[in-house]
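Here is the structure we will look at, set down as structure tokens.
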Amino acid sequence: APVQYLSVRTAPLADDLIVILAEDRSDARRVEEIRRDFVANVSHELKTPIGAVALLAEAVEQAADDPEAVVRFAGRMQQESQRLGELVKQVIELSRLQADDPLVMPQEVALDQVLASAVDSCRVDAESRQVSMTIAGESDLRVNGDAVQLATAIRNLVQNAVSYSDPGARVTVGARVRHDGEDEVIDVAVSDNGIGIPQSEFARIFERFYRVDYARSRDRGGTGLGLAIVKHIAAAHGGQVNVWSRPGHGSTFTIRLPSIGETERADVPPVAGE
Ligand code: ADP
């Protein structure tokens, strides 16, 4: 097979002699490598909550005469198993997305409904963190795609906006038509005025399992897979994800999607309930 991907690295043989190694990493090999890394990461990430549950179970056993401690340990066991459940769900989601690339059966999707369902699914969490959520922007926009996947992507962004904000923060979700040169595109934006992200982390946050400042993120309960899933879904829709952020001021993530176009939109029957 032709070499499609070359990885060049230098290896010092002696103080004054360096060889350059060019490795053939054709697509198949690269895919295999990515898959292996992913499996290794998943195993590693699963071990942490499983280990924690095992330790907590032991602690419960030893604290049998101390009801308060038992309740405390049981609560943490619940948290860890929820984390485990979320992790498994996201791993499955990501591998399904990777297998289905590109979209199997794109359909016309009403963004209003997708935005509303994404916001709804984060409401309980937002209320408990005292974060308010608002839907703004244009209504009645439609795109070609998979409604479930789009809702998942937007939900992940809203969930992050809520999680990485302090009490009293505001999250705004909205879609807008934009002109990008000749092309008409639709930007779905999720903004927060939360803790923000340093610019040096912009590229890495979309990597699987990457979390900015692990200690800070850890108590917010995520898996590090959310944005990798968003990136996949956007790409499968012919779109892309962008981020703007300033630490201490907040972040805006946008999913830019190709628009269906005015003429096609006019033929679409109104959505029930409009
Ligand atoms: P996680 O499950 O950790 O939220 P993601 O892939 O969704 O994983 O996000 C990766 C990291 O990017 C997060 O751990 C967090 O540090 C950072 N991040 C994502 N969204 C935001 C946001 N709206 N505000 C601040 N930090 C964010």
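The values are calculated or read from the model by the stated rules, or taken from the named source; none is laboratory data. These figures come from a predicted structure and were not determined experimentally. Using ideal geometry, Cβ is built from the backbone for each residue, glycine included, and neighbour counts are taken over all protein chains shown. With ligands, DNA and RNA removed, areas are computed over all heavy atoms of the protein, side chains included. Shrake-Rupley method; radii C 1.70, N 1.55, O 1.52, S 1.80 Å.
Does L115 qualify as being buried (at least 21 other Cβ atoms within 10 Å of the Cβ) and more than 28 Å from K47 (Cα to Cα)?
Working: buried (at least 21 other Cβ atoms within 10 Å of the Cβ): yes; more than 28 Å from K47 (Cα to Cα): yes.
Taking the combined requirement at face value, the residue satisfies it.
If you check A151, A147, A161 for being within 13 Å of the ligand (Cβ to nearest atom), small (G, A, S) and under 30 Å from L84 (Cα atoms), only one passes: A161.
Could you name every one of the helices (runs of 4 or more DSSP H) located completely within region 184-274 that has at least 1 residues being at pLDDT 90 or above, closer than 30 Å to R36 by Cβ and among the small types (G, A, S)? Let's see the steps before the verdict.
Values: elements: 214-218, 226-236, 262-266.
Answer list for region 184-274: 226-236.
I need the full set of residues from region 118-130 which are more than 19 Å from V188 (Cβ to Cβ) and open to solvent by less than 90 Å² (accessible area, probe 1.4 Å), in order please.
At the first step, the residues of region 118-130 found to be more than 19 Å from V188 (Cβ to Cβ) are 124-125, 127-130.
Result: D125, S128, R129.
Applying the selection to region 53-66, what residues are modelled with pLDDT of 90 or more and open to solvent by less than 90 Å² (accessible area, probe 1.4 Å)?
The initial filter retains those residues of region 53-66 that are modelled with pLDDT of 90 or more, namely 53-63, 65-66.
Passing the criteria: V53, A54, L56, A57, A59, V60, A63, D66.
Selection of region 187-208 for residues being touching a residue at least 24 places away in the same chain (Cβ under 8 Å) and either over 25 Å from R123 (Cα atoms) or surrounded by fewer than 14 Cβ atoms within 10 Å (Cβ to Cβ) (or both) yields P198, Q199, F202, R208.
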